[in-house]
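What follows is one structure encoded as structure tokens, with my remarks underneath.
Please treat every number below as a calculation from the coordinates, not as lab data. Owing to the predicted nature of the structure, the values given are computational and were not obtained by experimental measurement. Neighbour counts run over all protein chains shown; Cβ positions are idealised from the backbone, glycine included.
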Amino acid sequence: MRDFLTRLPKAELHLHIEGSLEPELMFALAERNRVRLPFASVEEARDAYDFSDLQSFLDLYYQGMSVLHTVEDFYDLAMDYFRRAHAEGVVHVEMHFDPQAHQVRGIELPVVMEGLALARRHAERELGLSSALIMAFLRDQDAAAAMSLLDEAAPYWEMLDAVGLDSAERGNPPSKFVEVFERAARLGIPRVAHAGEEGPAAYIREALDLLDVCRIDHGVRCLEDPDLVARLRDEGMVLTVCPLSNVRLKVVERIEEHPLPQLLEAGLRVTLNSDDPAYFGGGVLDNYLACQRAFDWDEATFIQIAGTAIEAAFVSQRRRLALR
Ligand code: ES4
Ligand code: ZN
């Protein structure tokens with residue numbers, strides 16, 4: 001089954017590129033940029049990745065990315081990840097990135113965009129790996145900051161496959177960002193949003209009704225609202241589920257208790273993704289393998305899940321045919 005899952009062409013729809021920063025590269029970049037880290041070693045960093053909830057993770061996630069300064073750093077970050085993903089049989093990666101988390105450190109948008117764009121081109125050429133770019137707004141910042149970012153990104157609007165909404169969910173409902181998402185819609189930029197990870201099912205409804213998203217990131221708490229589940233099924237809405245993330249952030253206690261089997265049973269279009277692979281114990285393949293161990297799914301189930309991800313990806317019809 002491991003061979004089968006490795007060879008199965010997988011698309012990853014939910015990845016935060018800053019969350020792919022492995023401690024080894026973090027230490028190398030800290031040295032290159034003369035940044036002090038609060039860990040003495042790679043092992044000490046990994047030992048610190050013991051989270052009680054989303055916020056306790058976000059604190060380390062924002063601290064970790066403080067080593068990213070130059071175009072080359074963002075190139076190395078993304079290229080390192082593309083190589084690992086390629087080795088796991090991932091053929092397409094859609095990455096969220098968090099410009100606001102870099103701007104507060106004095107790293108401007110063009111640095112981030114240039115580094116990521118170089119890595120994407122290189123990955124396409126050298127690995128045959130395609131990718132998409134999702135510019136995320138930090139929902140724990142105010143809506144005006146998100147709007148400024150969207151304005152500032154004008155030179156890059158054409159390069160964005162979508163905008164997204166991430167960071168601390170509780171107390172930061174989708175409704176806070178209606179105007180920003182309306183503006184993105186008028187610009188013709190597709191929209192996705194994290195909803196129903198730690199937040200309630202009502203946030204998933206808001207993301208659909210107010211932000212007009214084409215995918216829900218996580219969405220696992222939809223099961224608390226049967227009418228919502230029926231709606232998600234009828235609309236063919238895709239959920240980008242991240243099982244190992246949900247375990248590590250204590251959205252669920254153990255993977256065996258993850259609601260993925262119920263989501264599938266309800267006829268929802270679920271996909272499997274890594275979220276922040278450097279922090280949550282593995283990449284896309286590890287998430288597939290963890291589900292295989294926990295739920296004993298057959299090959300047909302994994303073919304269905306991987307197929308859903310390719311259907312829902314931001315790629316041309318031509319690329320889609322090549323991915324299968
Ligand atoms: C995130 Cl797991 C998760 N949830 C929300 N926002 C995020 N940013 C990076 N990882
Ligand atoms: Zn996420």
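Would you please classify the overall shape of segment 224-282 from the alpha carbon gyration tensor, given that a ≥ b ≥ c denote the square roots of the eigenvalues, rounded means a/c under 1.5, and beyond that prolate means a/b larger than b/c while oblate covers the rest?
Details: a/c = 2.69, a/b = 1.83, b/c = 1.47.
Prolate, since a/c reaches 1.5 and a/b exceeds b/c.
Over segment 127-262, all Cα pairs binned in 10 Å intervals from 0 give whole-percent P(r) values of 12, 41, 33, 13, 1, listed from short to long.
Working note: Karplus 6.51/-1.76/1.60 with θ = phi - 60° gives segment 129-143 the couplings 9, 8, 8, 9, 10, 10, 7, 9, 9, 7, 6, 8, 9, 7, 5 Hz, where Gly and Pro are set to x.
Near the amide H of Ala195, within less than 5 Å, lie the amide hydrogens of Asp217, Gly219, all on another chain or at least 5 residues away, with H placed in the peptide plane. Under 5 Å from the amide H of Val93 lie the amide H atoms of Glu12, Ser130, Ser131, Ala132, each residue being 5 or more positions distant or on a separate chain, with H modelled from the backbone and absent for Pro and chain starts.
What base-10 log of the normalised intensity I(q)/I(0) is obtained for segment 11-65 from the Debye formula, alpha carbons as equal point scatterers, at q = 0.18, 0.20, 0.31 Å⁻¹? After summing over all Cα pairs, the log10 values are -0.64, -0.77, -1.38. Using only side-chain charges placed at the Cβ, +1 for Lys and Arg and -1 for Asp and Glu, the dipole size of the chain relative to its Cα centre rounds to 820 debye. If you average the alpha carbon positions of segment 21-61 and of segment 216-287, how far apart do those two centres end up, in angstrom? Here the two parts' Cα centres lie 26 Å apart.
Kirkwood analysis of segment 96-144, using all unique Cα-Cα pairs, places the hydrodynamic radius at 12.1 Å. When each of the peptides 150-156, 11-17 is scored by the mean number of other C-beta atoms lying within 10 Å of its residues, the order from highest to lowest reads 11-17, 150-156. Once you sort the root eigenvalues of the Cα gyration tensor of segment 189-321 as a ≥ b ≥ c, which label holds: rounded (a/c under 1.5), prolate (a/b larger than b/c) or oblate (the other case)? Rounded shape, in that the Cα axes give a/c under 1.5.
For segment 48-99, the square roots a ≥ b ≥ c of the C-alpha gyration tensor eigenvalues yield an a/c of 1.5 or more together with a/b not exceeding b/c, which makes the shape oblate. Label-to-label distance for Asp3 and Asp227 is 5.1 nm, based on points extended 7 Å past Cα in the beta-carbon direction.
Stokes-Einstein D for the chain at 4 °C, 1.567 mPa s, Kirkwood Rh over Cα pairs, in µm²/s?
Once the numbers are plugged in, D ends up at 66 µm²/s.
Phi angles across segment 252-269 convert, under the Karplus curve 6.51 cos²θ - 1.76 cosθ + 1.60 with θ = phi - 60°, into 3J(HN,Hα) values of 10, 6, 9, 4, 4, 9, 5, x, 3, x, 5, 4, 5, 4, 6, x, 7, 8 Hz, Gly and Pro given as x. Ratio of Rg to Rh for segment 262-302: 0.99 [Cα atoms; Kirkwood radius as inverse mean 1/r over pairs]. 3J(HN,Hα) couplings calculated from phi for segment 20-35 with the Karplus curve 6.51 cos²θ - 1.76 cosθ + 1.60 (θ = phi - 60°) are, in sequence order, 9, 6, 6, x, 4, 5, 4, 5, 4, 6, 4, 5, 4, 9, 6, 9 Hz; Gly and Pro show x.
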